[in-house]
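Visitor: Structure below; questions to follow.
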Amino acid sequence: MNNYFAKGAALGGFLSLLTGPSHAGITLDGTRVVLAGPKKEASILVQNDESASFIIQSWIEPFSASTEQDIPLAITPPLKRLDGNARQRLRVLYQGTGLAADRESVFWLSVQEVPQKSKDENVLQIAVRQRIKLFYRPANLPGDVDQAPSKLQWRLALKNGKPTLEVRNDSAFHISFATVNIKSGSNTYPAPATMLLPYSSQSFAVEGTDSLVPNGTTRIEFETINDEGVSIQHSSNLSS
């Protein structure tokens, strides 16, 4: 089952495209969609917050722009007129095969709003795209998704003479970070973490840590985003 619409599919009647998490025209009732096996369907609600009607176009694409893959997921309806102050539920369907069974998979789900064509030729019309993460979570994965962040392994190492923060995820789940900070005494060093893939590790340089000497008070304080889009606080010791 292929996407109904390919990435970047164009609609007439707009001259510019913006991307972002929210817009006054339409809103989504979540910041992510989780399709948890053995179910083969999940959904998200789109709300038109204005009195004007819009066309909404929805599609699924690879999470990595450099990845080309036949995605065994579809979204319906892929194209829909949404009247003023109306709502529409979008359904994500999985054909049942084609995705890893031993770990989560992640994609982008895009919803693009295209306003009705204006009678005034001098009006610039803008299509706004909202993009959220779509996770497929196979049934019977080992461990607990809510406990996975507490099992991360953190360590400080030297790379090219500079302190580098390393984190390892030995779980089958993606871990999305809101913030990551190294805390040492009264000092805080922010780290640029975003999302950690299942069974993977990341390392990144942290600004201002050249003089950092880890000691018994040095900890990693971080926030992760759960299935409901809520930030959860965690604290962890450094591994040796």
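Visitor: So which residues in the stretch 207-232 are closer than 15 Å to P190 by Cα and either loosely packed, with under 14 Cβ neighbours inside 10 Å or out of contact with any strand residue (DSSP E or B) (no Cβ under 9 Å at 6 or more places or on another chain) (or both), if there are any at all?
Guide: Once the filter is applied, which keeps residues that are closer than 15 Å to P190 by Cα and either loosely packed, with under 14 Cβ neighbours inside 10 Å or out of contact with any strand residue (DSSP E or B) (no Cβ under 9 Å at 6 or more places or on another chain) (or both), the stretch 207-232 yields E207, G208, D210, S211.
Visitor: Taking the stated definitions as given, is Q147 of a type outside the set (V, I, T) and surrounded by 17 or more Cβ atoms within 10 Å (Cβ to Cβ)?
Guide: no
Visitor: In the stretch 27-79, what residues are among the basic types (K, R) and crowded, with 16+ Cβ neighbours inside 10 Å?
Guide: Answer for the stretch 27-79, where residues must be among the basic types (K, R) and crowded, with 16+ Cβ neighbours inside 10 Å: just R32.
Visitor: Any chance you could count how many residues in the stretch 88-141 are more than 23 Å from the chain's Cα centre (by Cα) and at pLDDT 85 or above?
Guide: 0
Visitor: Answer with yes or no whether K133 is basic (K, R), in contact (Cβ under 8 Å) with a residue 60 or more places away in the chain and in contact with a Ser or Thr (Cβ under 8 Å, 6 or more places away or on another chain).
Guide: Yes.
Visitor: Taking the criterion of being buried (at least 19 other Cβ atoms within 10 Å of the Cβ), in contact (Cβ under 8 Å) with a residue 40 or more places away in the chain and over 18 Å from the mean Cα position of the chain (by Cα), would at least one residue in the stretch 184-205 satisfy it?
Guide: For the stretch 184-205, residues buried (at least 19 other Cβ atoms within 10 Å of the Cβ), in contact (Cβ under 8 Å) with a residue 40 or more places away in the chain and over 18 Å from the mean Cα position of the chain (by Cα): absent.
Visitor: Another question, then. Within the stretch 24-60, which residues are assigned to a loop (DSSP other than H, G, I, E, B) and either within 16 Å of the chain's Cα centre (by Cα) or at pLDDT below 95 (or both)?
Guide: A24, G25, D29, G30, T31, D49, E50, S51, A52, S53 - these are the residues of the stretch 24-60 that are assigned to a loop (DSSP other than H, G, I, E, B) and either within 16 Å of the chain's Cα centre (by Cα) or at pLDDT below 95 (or both).
The values are calculated or read from the model by the stated rules, or taken from the named source; none is laboratory data. Values in this document were obtained by computation on a predicted structure and should not be read as measured data. FYI the Cβ positions are ideal-geometry reconstructions off the backbone, even for glycines, and counts take in every protein chain you see.
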